[in-house]
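Working notes, beginning with the structure itself.
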Amino acid sequence: MSKVLASESRAAGPQEDCPGSSRRRSWGLLATAGVGGTLVALYAVVTPFVIPALRKVCLPFVPATSAQIQNVLKMLENRSGSLVDIGSGDGRIVIAAAKRGFKAVGYELNPWLVWYSRYRAWRDGVHQNTKFYISDLWKVSFSHYTNVVVFGVPQMMPQLEKKLQKELECNSRIIACRFPFPCWIPDHTTGEGIDTVWVYDLKRSRGCETKNLGITPKTES
């Protein structure tokens, strides 16, 4: 009789534990799904900020200060035409220029910042005069812009200087923020410290006058 009861108790034991085991498995699946979803969301948010840092030249996002924006706008006085902000970040320079009547474009590698810039432009009522693109600046031609704003880092300025010299027309104005170009001599400078901006007018650069003419100056005898 005792053997029969023992066998019955062993048979009944697993049946009593089944509901608890099912609940534990359900919680385990939910926890796994939750952790997986969190990791995917974290990857989606962090990747646009990390990938640029893995490139040869890193352009960290540092928002322009109010003084910096005012200095840029000051250097754009009496200017017209199209404007491009290289490394536009959250779009504040592009939006400020659009409010002054410019058709302004921003190029930024971080998609989150581009989407936020588009929202800000819509919120401020200048979305019709602004455009923001997710793009690598080295893969873009800036030949059709007459006003160029650059927020760069020292490592990129020599290469960017050559690129802009090659692509821009003689009536273009380049405004460098935080760091100047290594070879060009600025025509104007305003601001102090991190708010300093350097202005370069290509029409005053050596050889720029003959860029579009395609001729070599002759020396009179």
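The values are calculated or read from the model by the stated rules, or taken from the named source; none is laboratory data. Since the model is a prediction, treat every value here as computed from it, not as a measurement. Because the Cβ atoms are built from the backbone with ideal geometry, glycine has one as well, and the counts that use them run over all protein chains shown. Keep in mind that these areas ignore ligands, DNA and RNA; they rest on the heavy atoms of the full protein, side chains included. Shrake-Rupley method; radii C 1.70, N 1.55, O 1.52, S 1.80 Å.
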ask   = Do we have F179 as open to solvent by 60 Å² or more (accessible area, probe 1.4 Å), touching a Gly at 6+ places or on another chain (Cβ under 8 Å), touching a residue at least 12 places away in the same chain (Cβ under 8 Å) and within 19 Å of N71 (Cβ to Cβ) here?
value = yes
message = Taking the condition of being charged (D, E, K, R) and either assigned to a helix (DSSP H, G or I) or touching a Leu at 6+ places or on another chain (Cβ under 9 Å) (or both), how many residues in region 62-86 meet it?
response = 1
query = When region 73-109 is examined, which residues are found to be among the aliphatic types (A, V, I, L, M) and touching a Ser or Thr at 6+ places or on another chain (Cβ under 6 Å)?
reply = V94, A98, A104
key: Filtered residues of region 49-91 (kept if among the charged types (D, E, K, R) and either modelled with pLDDT of 95 or more or closer than 23 Å to V126 by Cα (or both))   = K74, E77, R79, D85, D90
query = Can you pull out the residues in region 190-220 that are at pLDDT 55 or above and open to solvent by 80 Å² or more (accessible area, probe 1.4 Å)?
reply = E192, I194, K203, R204
key: Residue that is within 18 Å of S135 (Cβ to Cβ) and in contact with an Asp or Glu (Cβ under 7 Å, 6 or more places away or on another chain), where the choices are S82, S88   = S88
query = Does region 172-185 contain any residue that is closer than 16 Å to V84 by Cβ, among the polar types (S, T, N, Q) and more than 20 Å from the chain's Cα centre (by Cα)?
reply = yes
